[in-house]
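Taking it in order: structure first as structure tokens, then the write-up.
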Amino acid sequence: MTRKHKLLLLPGDGIGPEVMDEVRRVIDWMGRQRAVGFEIADGMIGGAAIDAEGTPLSDETVARAKESDAVLLGAVGGPKWDTLAFDMRPERGLLRIRKDLNLFANLRPAVVFTALTEASTLKAEVVRGLDILFVRELTGGIYFGKPSAIEVLADGTRRGVNTLVYTTPEIRRVARVAFELARMRAGRVCSVDKANVLETSVLWREEVQNLHDADYADIELSHMYVDNCAMQLIRNPKQFDVILTDNMFGDILSDEASMLTGSLGMLPSACLGAADTAGRRLAVYEPVHGSAPDIAGQGLANPLAALLTFAMALRYSFDMIADAELIETACRDILDEGLRTADIMEAGRTQVSTAEMGEAVLRALDRLAT
Ligand code: IPM
Ligand code: MG
């Protein structure tokens, strides 16, 4: 057996722990079936970490994350912690792990499974077969720019400030990721900005175009304003292959795109850093959905986003492409069989719990592997 892959699991809050339990079972399955083992460690993030360690992400957890081959994250946040000071909120844990590990490229695929075509609020013909990959810049832009503050002015009124800032290297490194991924797909990148208003976007557009012309002339590059993109995603989403955009635009557009697929409960994501000379890169994998405190602990959560997220870890951190595809096929198969968690339930289908969905995936994996 080769060296074990080190996985750090950060289940977090709300439905995070219950969807992560299903991921654990699939990790065990992979460990049993393949000549590669996984060494699993557990840690805390978000509200769980606030309660147990007094901070949404401890230095120790950051250090352990840096030593891991990949981090799998559940979800963070909940009403219990909403009244805390801004810097102590569960979301800060998420932002900190992205920043401290320098995970500048956020990959968010929006794929419509055939069986779920009718689950979208859009017409079936608009979304059937949809396969978009968002590449969102994740460690810069208005999320992290300084100054950021709420100040009290002399007259007693207040002033809120955030700073939108991007540099050439920040733009080029994430654009490179988008171009490389487009080469493995349909070969098209649409870069989304607000270059009719924002200087950062003018720079973004020029740098993306320059990199394209220098190194990626084989890729079809287009540029689009973010307001138009929001509209085009609803009007004709299949025009897109890879969408490259900044931190905040990517946050908003990827939520919009999730609804094309029928449910936020279906979408995985990967947050990747730069590869070192040995080809190793830090990575955090997380479902796009939140902690959904309203349904936590009731067996209603959809574990497929978390399972598809583990598949992304196999693909991008461990080069286990065939095994990633195996998990994706297993998820597709059980949807074809008609199994549905509450979020994607339709008339004539069979509603199952979080754990039952996980068990069905394991059965499908057993079938596929023989
Ligand atoms: C996301 C989330 C986060 C973000 C929040 C929870 C900080 O909305 O991952 O899209 O804005 O990046
Ligand atoms: Mg978001």
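Obtain the radius of gyration and the Kirkwood radius of region 93-179 from its C-alpha atoms and give Rg over Rh.
Over the Cα atoms of region 93-179, Rg/Rh equals 1.18.
With a 1.4 Å probe and all protein chains left in place, how much of the accessible area of region 1-126 comes from carbon and sulfur atoms, in whole percent?
Answer for region 1-126: carbon and sulfur cover 52 percent of the accessible area.
To the nearest 10 Å², what's H223's accessible area with a 1.4 Å probe?
Estimated to the nearest 10 Å², H223 gives 50 Å².
Work out how far the C-alpha atoms of region 121-261 reach from end to end along every principal axis, then list the three figures in whole Å, largest first.
Extents along the principal axes: 56, 41, 23 Å.
With an 8 Å cut-off on Cα pairs and a minimum separation of 6 or more residues, tell me the relative contact order of region 121-261 in percent.
Working: 215 pairs, mean separation 52.1, N = 141.
Here the relative contact order equals 37 percent.
When the Debye formula is applied to the Cα atoms of region 242-293, each taken as the same point scatterer, what base-10 log of I(q)/I(0) results at q = 0.17, 0.21, 0.24, 0.32 Å⁻¹?
Normalising to I(0) and taking log10 leaves -0.66, -0.88, -1.02, -1.25.
Report the Stokes-Einstein translational diffusion coefficient (µm² s⁻¹, integer) for region 16-161, Rh taken as the Kirkwood radius over Cα pairs, at 10 °C with viscosity 1.306 mPa s. Intermediate results must be reported in sequence, preceding the final value.
Details: Rh = 18.8 Å.
Result for D is 84 µm²/s.
Give me the dipole magnitude in Debye, nearest 20, for the chain about the Cα centre, with unit charges on the beta carbon: positive for Lys and Arg, negative for Asp and Glu.
Its charge dipole is roughly 420 debye.
Once neighbouring chains are kept in place and the probe is 1.4 Å, which whole percent of the accessible area of region 236-322 is contributed by carbon and sulfur?
Whole-percent figure for carbon plus sulfur exposure: 55.
Please go through the residue pairs K99/K194; K146/K194; K123/K194; K4/K99 and name each one whose alpha carbons sit more than 22 Å apart in this structure. Can you show the working numbers first?
Numbers: K99/K194 24 Å; K146/K194 20 Å; K123/K194 29 Å; K4/K99 27 Å.
K99/K194; K123/K194; K4/K99, as the Cα separations exceed 22 Å there.
Might you tell me the accessible area per residue for region 121-261, computed with a 1.4 Å probe and given in Å²?
About 48 Å² of surface per residue is accessible.
Work out Dmax and Rg for the chain from the C-alpha atoms and quote the Rg first, both in angstrom.
Cα radius of gyration and Dmax of the chain are 20.5, 74 Å respectively.
How much accessible surface area, in Å² rounded to 10, belongs to the heavy atoms of K4 with a 1.4 Å probe?
Approximately 100 Å² of K4 is accessible to the 1.4 Å probe.
What dipole magnitude, in Debye to the nearest 20, does region 121-261 give about its Cα centre under +1 on Lys/Arg Cβ and -1 on Asp/Glu Cβ?
Computed about the Cα centre, the dipole is about 280 debye.
Given charges of +1 on the Cβ of Lys and Arg and -1 on the Cβ of Asp and Glu, with all other atoms neutral, how large is the dipole of region 274-365 about its Cα centre, in debye to the nearest 20?
160
Starting from the Cα of K66, draw a straight line to each of the aspartates and glutamates and keep only those under 12 Å, dropping any in the same chain fewer than 8 residues away.
D100
If packing is taken as the average number of other Cβ atoms within 10 Å across a peptide's residues, how do 290-302, 83-95 rank, most packed first? Before the final figure, lay out each step's value.
Values: 290-302: 18.5, 83-95: 16.2.
The packing order, highest mean first, is 290-302, 83-95.
Taking only C-alpha pairs under 8 Å that are 6+ residues apart, what is the relative contact order of the chain in percent?
Relative contact order here is 20 percent.
List the relative contact order of region 45-160 as a percent without decimals, with contacts defined as Cα pairs under 8 Å and 6+ residues apart. Before the final figure, lay out the partial values.
Details: 127 pairs, mean separation 24.1, N = 116.
This gives 21 percent for region 45-160.
Given bins 10 angstrom wide, list per bin the percent of all Cα-Cα distances in region 259-370, short to long.
Histogram of Cα-Cα distances, whole percents per bin: 14, 42, 31, 11, 2, 0.
Taking N as the number of residues in region 204-286, what is its alpha-carbon radius of gyration divided by 2.2 N^0.38 Å?
1.29
Ranked highest first by the average count of other Cβ atoms within 10 Å around their residues, in what order do 67-79, 341-353 fall?
Working: 67-79: 23.2, 341-353: 15.2.
Put in order of decreasing packing, that is 67-79, 341-353.
When you have a sec, figure out the Kirkwood radius of region 65-126 from all distinct Cα pair distances and drop it here in Å to one decimal?
With all distinct Cα pairs of region 65-126 included, I get 15.3 Å.
The values are calculated or read from the model by the stated rules, or taken from the named source; none is laboratory data. Predicted model only: the values in this text are computed from it and were never measured. All Cβ positions, even for glycine, are placed from backbone atoms using ideal geometry, and neighbour counts span all protein chains on display. For the accessible areas, the whole protein counts, side chains as well, though only heavy atoms, and no ligand, DNA or RNA atoms are used. Shrake-Rupley method; radii C 1.70, N 1.55, O 1.52, S 1.80 Å.
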